[in-house]
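Note sheet for the following structure.
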Amino acid sequence: MTCQTSDELQSIINEVHSLAEEGKVADYIPALAKANKQDLAVTIYKSNNECLYAGSYTKKFTLQSISKVLVLALALQDRGIDYVFKRVGMEPTGDPFNSISKLETSIPSKPLNPMINAGALAVTNMIKGESLHEKWARILNFVQCLSKKNLTYDIEVANSELETAWLNRSLCYFMKQHQVITGDVEELMMLYTKQCAIEMDCFDLARIGAVFALNGMDPETGERLLPIQIARICKTFMVTCGMYNASGEFAIKVGIPAKSGVSGGILAVVPDQYGIGVFGPSLDEKGNSIAGIKLLEELAKRFDFSIF
Ligand SMILES: NC(=O)CC[C@H](N)C(=O)O
């Protein structure tokens, strides 16, 4: 599949690019601070297997929170819907993605949804495998299957997070106390930081988006990669919780399922039509790509993307 440059996409990038100046790259994971704030890229992968791109589209970035929606899809296949939602809820929190507060006040004590860090850690803990190595191989293989690409992870980013993720460890120990997770917390942290550090570019992200847009079908081969019901659950979480505590505003202004990560990536889905990959590491105060969101807003206006 060849992807073509698009003047129209480039003109939208030119329009919104200056916003990058107003944001900041994430630095609580020290290795992410090396990102170039000026980067901005978009790829649109159409369901008829055509593709358009603009901007710094060859730049690779780590998935970070975008991995949460992919690992959820695998956990749902591994364990089934009842098992997963016995341990993780389905409701948005309105809190920042790394917040610990609702873990203590929710009854029963389980994370409110799989898109916040606590919920994602609990979901990663559900991935089947005899060893850490096998679980990691299954996650990577699954993401490769969706992207049809050999992928690796950024060791420096993974280690940088592993060395500094005290809050995520706290979430894990709290959940272990309440039997939401089982097993060794350090092993879980190793698995989670690796999944967050899987590297790809906007094209790969857009292709994965196209699989979700087609309710689990491969856009090239028509092969079923995900059960319809699981693709739907993932897209619903993307709408209700995918942009952290800015999901409501995003639903009003853009109106499509999307999941962002603190490296500046956004995976977006126009149901039945397109998968979209955006990269812009300059973030707003909630941790979403500041220019990336504006870019999606402009696209949604021009092409009437909103599902509502
Ligand atoms: N919002 C994010 O992208 C957060 C992911 C990051 N790895 C963390 O757990 O903090």
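The values are calculated or read from the model by the stated rules, or taken from the named source; none is laboratory data. All values reported here derive from a predicted model rather than from experimental measurement. Methodologically, a virtual Cβ is constructed for each residue, glycine included, from the backbone with ideal geometry; neighbour enumeration extends over all protein chains shown. With ligands, DNA and RNA removed, areas are computed over all heavy atoms of the protein, side chains included. Shrake-Rupley method; radii C 1.70, N 1.55, O 1.52, S 1.80 Å.
Oblate is the label for region 1-47. Its Cα gyration tensor axes, ordered a ≥ b ≥ c, give a/c of at least 1.5 and b/c at or above a/b.
Return the carbon/sulfur percentage of the accessible area of the chain, one whole number, probe 1.4 Å, all protein chains in place. Mind showing how you got there, number by number?
Working: 6500 of 12670 Å².
For the chain, the apolar C and S fraction of the accessible surface comes to 51 percent.
Peptides 275-283, 220-228 ranked from most to least packed, by the mean per-residue count of other Cβ atoms within 10 Å: 275-283, 220-228. Cross-link partners for Lys253 among the lysines, with Cα-Cα distance under 18 Å and sequence neighbours closer than 8 places in the same chain left out: Lys235, Lys286, Lys294, Lys301. Taken as Cα centroids, region 168-205 and region 97-140 sit 6 Å apart, rounded to the nearest whole angstrom. In sequence order, region 15-21 has phi-based couplings of 5, 9, 4, 4, 4, 3, 4 Hz under the Karplus curve 6.51 cos²θ - 1.76 cosθ + 1.60, θ = phi - 60°, and Gly or Pro positions carry x. Counted residue by residue at 0.36 nm each, then reduced by the alpha carbon distance between them, the extension gain from Ile228 to Thr152 reaches 24.6 nm.
Within the straight-line cut-off of under 17 Å between alpha carbons, the lysines reachable from Lys110 are Lys68, Lys86, Lys102, Lys176, sequence neighbours fewer than 8 places apart in one chain being disregarded.
Could you tell me the convex hull volume per residue, in Å³, taken over the Cα atoms of region 65-197?
Working: hull volume 13.4 nm³, N = 133.
Each residue corresponds to 101 Å³ of Cα convex hull volume.
For the full complex of protein chains and a 1.4 angstrom probe, list Thr193, Thr164 by accessible area with the highest value first. Walk me through the numbers on the way to the answer.
Values: Thr193 5, Thr164 50 Å².
Highest to lowest solvent-accessible surface, that is Thr164, Thr193.
As a rough guide to protection, the peptides 93-103, 209-219 ranked by mean Cβ packing within 10 Å, highest first, stand as 209-219, 93-103.
Roll a 1.4 Å probe over the protein chains and send me the accessible area per residue for region 65-197 in Å². Could you put the intermediate results ahead of the total?
Working: 5850 Å² over 133 residues.
Computed with neighbouring chains in place, this is 44 Å² per residue.
By a 1.4 Å probe calculation restricted to protein chains, Lys135 has an accessible surface near 50 Å², given to the nearest 10. If you bin the C-alpha pair distances of the chain every 10 Å from 0, what whole percents do you get? Pair shares across the bins are 7, 31, 38, 20, 4, 0. Shown for the chain: cysteine residues without a partner Cβ closer than 4.7 Å, namely Cys145, Cys172, Cys196, Cys202, Cys234, Cys241.
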